[in-house]
Amino acid sequence: SASGLPAGAVQGRTDFGTAGYGGPCPPVGDKVHRYVFTVFALKIEKLDLPADATAAMVGFNLNANTIEKAQFTSLYKR
């Protein structure tokens, strides 16, 4: 697809108020920031949520359908 997402995929709203990943953005010159990424294995093919679903709605449905999850932490500063 033009957006780079698989057919039928949508991105939920983030803390930035828009859909999609915004990336790390610590203040210039600040200390190193930690970013924790979590990957979820679900017991369903996809979450059946509207594109404008809140983060709370996505999180509730994500956790209700999780089989397993893994995390990794990344450090970044500008």
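Residues that are open to solvent by 90 Å² or more (accessible area, probe 1.4 Å) and more than 13 Å from the chain's Cα centre (by Cα) were ranked within segment 21-59; the one that is nearest to residue 11 (Cα to Cα) is 52.
For residues that are assigned to a loop (DSSP other than H, G, I, E, B) and either at pLDDT 95 or above or touching a strand residue (DSSP E or B) at 6+ places or on another chain (Cβ under 8 Å) (or both), scanning just segment 61-78, find the one that is surrounded by the fewest Cβ atoms within 10 Å (Cβ to Cβ). Break it down stepwise before answering.
Kept after step one, since they are assigned to a loop (DSSP other than H, G, I, E, B), are these residues of segment 61-78: 65, 77-78.
Add one more test, that the residue is either at pLDDT 95 or above or touching a strand residue (DSSP E or B) at 6+ places or on another chain (Cβ under 8 Å) (or both), and what stays is 65, 77.
Details: 65: 14, 77: 12.
If we take residues in segment 61-78 being assigned to a loop (DSSP other than H, G, I, E, B) and either at pLDDT 95 or above or touching a strand residue (DSSP E or B) at 6+ places or on another chain (Cβ under 8 Å) (or both), then 77 is surrounded by the fewest Cβ atoms within 10 Å (Cβ to Cβ).
Pairing each residue of segment 6-21 that is free of Cβ contacts under 8 Å to residues at least 12 places away in the same chain with any residue that is among the hydroxyl-bearing types (Ser, Thr, Tyr), provided the two are 6+ apart or on different chains, yields C-beta distances under 9 Å for 7/1; 20/3; 20/14; 21/14. For residue 58, the criteria (1) within 17 Å of residue 20 (Cβ to Cβ); (2) in a loop (DSSP other than H, G, I, E, B) hold in every case but one, which is (2).
I'd like to check something: does segment 23-42 contain any residue that is small (Gly, Ala, Ser), in contact with a strand residue (DSSP E or B) (Cβ under 7 Å, 6 or more places away or on another chain) and at pLDDT below 90? Step through it out loud before you land on a result.
In the first step, residues of segment 23-42 are kept if they are small (Gly, Ala, Ser); the result is 23, 29, 41.
If we keep only those that are in contact with a strand residue (DSSP E or B) (Cβ under 7 Å, 6 or more places away or on another chain) as well, we get 41.
Retained after the next criterion (residues that are at pLDDT below 90): none.
Taking every residue of segment 23-42 in turn, none turns out to be small (Gly, Ala, Ser), in contact with a strand residue (DSSP E or B) (Cβ under 7 Å, 6 or more places away or on another chain) and at pLDDT below 90.
The values are calculated or read from the model by the stated rules, or taken from the named source; none is laboratory data. In this text, all values refer to a predicted model and were calculated from it rather than measured experimentally. All Cβ positions, glycine included, derive from the backbone under ideal geometry; neighbour counts span all protein chains shown. Ligands, DNA and RNA are excluded from the accessible area calculation, which covers all protein heavy atoms including side chains. Shrake-Rupley method; radii C 1.70, N 1.55, O 1.52, S 1.80 Å.
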